[in-house]
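Asks: Handing you a structure now.
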């Protein structure tokens, strides 16, 4: 069986995933071993099996691979490496919001959140750790 599910980070196509809020407790068992001393998860969002965790130090994206999901890719984006970021709020017919992060002149990641996500809060978490 081959999965056709898009990874949360698709470097070739600029990434877009429908992320929805999830309880921090849901992602902690999986990423606790990856957190450093005094690092805390502030926000968590899921897209099918994959998820994002915003900590007080970085953004962690976890992509579960294969049918079983036992193989995982952990991508870490330290806030100190964010050059520019933007948030786009939902409105009107389009209830989705966007977060775009430029990590350098050449590297950009983009995340799409389902309606109801407080994208301004996401931007605030990033700003409070980058500025």
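Read-outs: derived from the displayed coordinates by stated rules, not from any lab. Note that the structure is a prediction, hence the values are computed from the model and not measured. Note that each Cβ is placed from the backbone with ideal geometry, even for glycine, and that neighbours are counted across all protein chains shown.
Asks: Sort out which residues of the stretch 70-108 are in a loop (DSSP other than H, G, I, E, B) and within 24 Å of residue 36 (Cα to Cα), and write them in order of number.
Replies: Scanning the stretch 70-108 gives 70, 82, 83, 103.
Asks: Among the residues that make up the stretch 61-69, is at least one of them surrounded by 14 or more Cβ atoms within 10 Å (Cβ to Cβ) and more than 21 Å from residue 18 (Cβ to Cβ)?
Replies: No: zero hits.
Asks: Same structure again: If I go through the stretch 103-124 residue by residue, how many of them are surrounded by fewer than 16 Cβ atoms within 10 Å (Cβ to Cβ) and closer than 18 Å to residue 55 by Cα?
Replies: 5
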